[in-house]
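Encoded as structure tokens, the structure appears first; notes follow it.
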Amino acid sequence: QIPTIRQLFDRTVLKPATTEPHFPPLASLLDRVSLLRGDITHVDVDAIVNAANRSLLGGGGVDGAIHRAAGPDLLEECRTLDGCDTGGAKITEGYELPARHVIHAVGPAFPSISTGVYGYPIEDATHIALAEVRQFLESEQGKDLERVVFVVFDEEDEEVYEELIPLYFPGQ
Ligand code: AR6
């Protein structure tokens, strides 16, 4: 069952910070981040971010799940992209996914990417992801981005996000 954007908004339940925030509260950032635990292949948004590898030709983990759900046309488009450098990203259509596009990122680059098969520590990855998203949303380039949804798969990852989000998005 695919959550709507409104349901995603309504599911934003953030716990109070346990330590001092790293960034000051900013009213314009209210309601622009959400945390959702579930399968990213079910999420109906403009773009989801895939934890790909440099070939962009699929693999295990979330990459395998996204290719299975999107259908073979995704692999066809990926074959035309000539791979992607580590730390970079390339965008495709979403095909049979509810998401309109897939941003294929080759870790380390985006939330929770590299913390599965590649073994990067989730706490470090989460600090980086939250700091980068906070800075991007505040930037000129990011001002039109309506919302970032951090979609986590594991309960442990959800706990890390619940603990750290208030450090970067205090006052929500
Ligand atoms: N749905 C949503 N999230 C998932 C799913 C799923 N079905 N499966 C895993 N995750 P990983 P990496 C979460 O291992 O470490 C592939 O073979 C997982 O809990 O998918 O960047 C690629 O082709 C974690 O939070 O990616 C590359 O070769 C996140 O997805 C390599 O693995 C990333 O874990 C990339 O390894």
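Miscellaneous remarks
- When only the Cβ of Lys, Arg, Asp and Glu is charged (+1, +1, -1, -1), the dipole of the chain relative to its Cα centre reaches about 240 debye.
- Rounded, prolate or oblate (a/c below 1.5 giving rounded, otherwise prolate when a/b exceeds b/c) for the stretch 100-149 by Cα gyration tensor: oblate
- When the charge dipole of the stretch 96-172 is built from unit charges on Cβ atoms (+1 for Lys and Arg, -1 for Asp and Glu) and taken about the Cα centre, the candidate among Gly116, Phe169, Phe153 whose Cα reaches farthest toward its positive end is Phe169.
- Ordering Asp154, Asp63, Asp85 from the fewest to the most neighbouring beta carbons within 10 Å gives Asp85, Asp154, Asp63.
- Over all pairs of different C-alpha atoms, the chain has a mean inverse distance whose reciprocal, the Kirkwood radius, equals 16.5 Å.
- Label sites at Tyr120 and Phe23, each approximated as a point 7 angstrom past Cα along Cα to Cβ, lie 1.8 nm apart.
- Based on C-alpha pairs under 8 angstrom that are at least 6 apart in sequence, the stretch 41-172 has a relative contact order of 22 percent.
- Take the Cα of His42, step 7 Å toward its Cβ, do the same at Glu156, and the gap between the two points is 2.2 nm.
- Two-site FRET efficiency, Glu146 against Ser55, from Cβ-Cβ distance with R₀ of 25 Å, rounded to 0.05: 0.20
None of the figures in this text is laboratory data; all of them are computed from the coordinates on show. Note that this is a predicted model, so its numbers are computed, not measured. Positions of Cβ are generated from backbone atoms using ideal geometry, with glycine treated the same way; all protein chains shown enter the neighbour counts.
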